[in-house]
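Nothing in this text is a laboratory measurement; each read-out follows from the coordinates by a stated rule. Since this is a predicted model, take the numbers as computed values, not measurements. For neighbour counting, all protein chains shown are included, and Cβ atoms are generated from backbone atoms with ideal geometry for every residue, glycine included.
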Amino acid sequence: MRHDAAEDATGHSAYRAEGEHLELRIVGFVVIVVLYVVLGVLAAIGSITLTRRFSPKAERIFYGLLLWMIAALYLAFAAYFGADTAWRAETIAVLVFVVLGLVGLRLPYALVAGYVFHGIWDLIHELHAHGVYAAGEAGQLTAIPLAYGVFCVTFDLFIAGYIYKRRSPLAFAPGLAKAM
C-alpha cells in the first residue's frame, strides 16, 4: 500500500494511506457540491427578490440577458483554459441561448426552456469534467471550475421554476393577452 507524506497543522510529518486520501477527496467533493447547491439556491432567491421589484417587462429583459451572460461564461472558460477545440460547440450553444433569451421576451416558455436546457448543459459539462459522461470527442467541451456545473444547474432550475410560475400572459406578454 502506498503512503503519501503530508504535514499536519503543527508541521509534523504524517503518513496517509492511499485509500484514506481518496476518502478525504470524496468527502471534500461532497462538501463542495453541497455548498454549491446552497449557493445556487441563495443566488436564485437573491435574483428573484431583486427582480420582483421590476416591472414585468424589465423582469423579462433581465432574465433574457442573464441567460446570455451565463451562457457566455463558457466562452470565457474556453479562453481561460485554452480549450481551442471547444470554441465551436460553446459558440453554437451560446447562440442557442441568445435566441431562447430573445424569444423569451415574448414567450415565457422559451425562457423556461432556456434555463432548463442551460442547466442540462451545465450538468453535461460537470459530468464530462469528472469522466462520468463523454460528450463527444475529448476537448469538444471546455473545462469548468470544480463543481461549477452543480451551482449552475441548481440556479438554472430554480429560475426556470420561478419563470414558469410567473408565466401568465398578462405578466409576460401583454399583447398576447389581448389576442386570447
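Results, tabulated for the structure shown:
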| quantity | calculated |
| --- | --- |
| Arg52 paired with Phe29, simple spin-label distance in nm, labels 7 Å along Cα-to-beta-carbon | 3.7 |
| Ranked by how many other beta carbons lie within 10 Å on average, peptides 96-105, 44-53 from highest | 96-105, 44-53 |
| For Trp87, Trp121, order by how many other beta-carbon atoms lie within 10 Å, fewest first | Trp87, Trp121 |
| Cut-off 12 Å between beta-carbons: net charge of the residues surrounding Gly149, Lys and Arg +1, Asp and Glu -1 | -3 |
| Selection from Phe29, Ala71, Ser55 lying farthest towards where the dipole of the range 20-137 points positive, charges on Cβ | Ser55 |
